[in-house]
Amino acid sequence: MYRPLPSCVTVSKSTIDGLGLVAAEPIKAGTEIGMSHVRDSRFEHGWIRTPLGGFYNHSSNPNCKTKPSPCGSFLFLVTIREVRKS
């Protein structure tokens, strides 16, 4: 069954802006949450955002980062430290 977001995250009110991703369960450092962007030059900034990419915010103290795929056509959201359940 298709799920727009992995079960470890959900969308909730953001302390940064509007809505954002929050942990639905504890997430270990180094966990790949999922694909956030797909390269496509026809779109603004050259990327299509997936549902995951549409809801992560840019914190001044981030717990995730994007990691490019080996081919460079995709970005994946990966935790850089443990994320506690919200």
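Summing -39500 (n - 2.57) over the DSSP H runs of n ≥ 4 in the chain and dividing by its residue number, what mean residue ellipticity at 222 nm do you reach, to the nearest 500 deg cm²/dmol?
-1000 deg cm²/dmol
Rolling a 1.4 Å sphere over the protein heavy atoms, what is the accessible area per residue of the chain, to the nearest Å²?
70
Collect residues whose amide H, placed 1.01 Å from N in the peptide plane, falls under 5 Å from the amide H of Trp47; neighbours closer than 5 in sequence don't count.
Asp40
Near Arg84, within a Cβ-to-Cβ distance under 12 Å, what is the net charge of the other residues, with Lys and Arg +1 and Asp and Glu -1? Walk me through the intermediate numbers first.
Numbers: positive: Lys28, Arg81, Lys85; negative: Glu25, Glu82.
Its environment carries a net charge of +1.
Tell me whether the chain comes out rounded, prolate or oblate; compute the Cα gyration tensor, take square roots of the eigenvalues as a ≥ b ≥ c, and use a/c under 1.5 as the rounded threshold. Could you put the intermediate results ahead of the total?
Working: a/c = 1.61, a/b = 1.44, b/c = 1.12.
Here the chain falls in the prolate category.
Nearest 20 debye, what's the magnitude of the dipole of the chain about its Cα centre given +1 on Lys and Arg Cβ and -1 on Asp and Glu Cβ?
In debye, rounded to 20, the chain gives about 120.
Of Ile33, Ile80, which has the most accessible area and how do the rest follow, probe 1.4 Å?
Ile80, Ile33
Considering only the other residues whose Cβ falls under 14 Å of the Cβ of Asn57, what net charge follows from Lys and Arg at +1 and Asp and Glu at -1? If you can, show how the numbers build up before the last one.
On the way: positive: Lys13, Arg49, Lys65; negative: Asp17.
Cβ neighbours under 14 Å give a net charge of +2.
What list of ³J(HN,Hα) values in whole Hz, one per residue of region 76-86 in order, does the Karplus curve 6.51 cos²θ - 1.76 cosθ + 1.60 (θ = phi - 60°) give from phi, with Gly and Pro shown as x?
Using θ = phi - 60°, the values come out as 10, 8, 10, 6, 9, 7, 4, 10, 7, 4, 8 Hz.
Can you tally the net charge around Ile48? Count Lys and Arg as +1, Asp and Glu as -1, for every other residue whose Cβ sits under 13 Å from the Cβ of Ile48.
Neighbour charge sum, excluding Ile48 itself: +1.
The values are calculated or read from the model by the stated rules, or taken from the named source; none is laboratory data. It should be emphasised that the depicted structure is a prediction, and the values quoted were computed from it without experimental measurement. Every residue, glycine as well, gets a Cβ built from its backbone with ideal geometry; the counts of neighbours run over all protein chains shown. All accessible areas refer to the heavy atoms of the entire protein, side chains included, with ligands and DNA or RNA removed. Shrake-Rupley method; radii C 1.70, N 1.55, O 1.52, S 1.80 Å.
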